Amino acid sequence: MAHDHGSGGHSHDHTAGANAKMLGWALALTSTYLVAEVVGGFVFNSLALLSDAAHMLTDVAALVIALMAIRIGQRPPDDRRTFGYRRFEILAAAFNAILLFGIAIYVFVEAIQRFTDPEPVQSWGMLIVAAIGLVVNLVSMRLLTAGKEGSFNVKGAYLEVWADMIGSVSVIIGALAIKFTGWTWIDPIVAVAIGLWVLPRTWVLLRDTTNVLLEGVPSGLRLVEVRAAVSAVPGVAGLHDLHVWSMSNDDVSCTMHVTLAPGADADTVRKAVTELIDERFGIEHATIQTEGPGEACEESEHLHD
């Protein structure tokens with residue numbers, strides 16, 4: 001039997017295009033405004049501000065995750081963490097999703113109570129806080145623009161800030177409507193609308209992070225297609241023990257046992273399979289074990305099912 005470990009020529013530095021300094025500034029601005037928005041929500045009795053603050057929390061988490069991918073995730077593997085530290089960002093993202101679900105439940109319960117028992121809302125204070133939030137979002141988007149094409153994490157943070165800008169605009173519109181109509185029930189409606197905007201993306205985040213933690217097949221990949229493509233490589237008579245998983249959202253790995261056709265050269269087949277799964281499926285790290293025709297492969301323990 002022979003083994004081949006391929007990485008497709010890719011660097012492990014998946015966040016090389018990210019600018020940690022710009023991420024740090026965006027995080028500082030967003031975190032400061034998050035605190036201000038929570039305080040403003042309680043002071044001005046605005047549920048819409050509190051709901052938007054929950055959305056702003058996703059921005060803070062996305063920025064923290066992007067920074068972790070640079071500062072912690074790039075640490076090399078060691079004797080205790082042989083795969084490195086990139087999984088840390090997935091744990092943080094999963095925690096963020098669970099926290100957001102809890103906040104959303106609080107907002108919805110509070111909104112129902114305010115529909116039945118409306119409370120006064122200080123619309124001017126609500127408007128000022130939301131306007132400041134809009135400025136913060138615009139500045140943060142500007143800071144993240146340069147790095148968003150070179151890093152999945154920075155792009156995710158950029159999209160989070162962009163989405164939160166919509167929340168700030170919604171709160172501004174709600175505050176103006178309350179100011180000129182006096183209809184305080186607009187506040188819980190805006191809060192629920194923001195919550196309904198956040199929850200689907202939160203569910204997607206939780207679903208994707210859970211899949212990574214369970215070492216499932218990454219989103220966008222189908223195991224049957226990988227199997228069919230490898231089986232069609234010249235010199236491949238069959239394959240088994242095919243496993244595809246990821247350590248983070250943009251780092252796909254694969255292991256497989258390939259049975260060689262009679263007369264096939266093991267090195268040539270391994271190279272062809274490695275190049276195929278890299279170019280067609282974006283699988284950067286592959287461990288390929290070859291077996292001769294009729295050769296029995298002893299069962300072995302697999303850590304990646």
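Every read-out reported here was derived from the displayed coordinates using simple, explicitly stated rules and does not represent laboratory data. Fair warning: this is a prediction, and the values are worked out from it, not measured in the lab. Quick reminder, even Gly has a Cβ in these numbers, built from the backbone with ideal geometry, and neighbours come from all protein chains shown.
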> Taking the mean number of other Cβ atoms within 10 Å as a proxy for protection, how do you rank 125-134, 59-68, 216-225, 279-288 from highest to lowest?
Replying inline: 59-68, 125-134, 279-288, 216-225
> To the nearest Å, what is the center-to-center distance of the stretch 156-229 and the stretch 65-137, using C-alpha atoms only?
Replying inline: 11 Å
> How big is the stretch 24-116 by Rg and Dmax over its Cα atoms, in Å?
Replying inline: 16.9, 59
>> Using only alpha-carbon positions, what ratio does the radius of gyration of the stretch 91-248 give when scaled by 2.2 N^0.38 Å?
In response: 1.48
> Assigning unit charges at the beta carbon (Lys, Arg +1; Asp, Glu -1) and nothing else, what dipole magnitude in debye, to the nearest 20, does the stretch 135-288 show about its Cα centre?
Replying inline: 540 debye
> Using 0.36 nm per residue, how much length does the chain from L223 to K271 gain when fully extended, once their Cα-Cα distance is taken away?
Replying inline: 15.3 nm
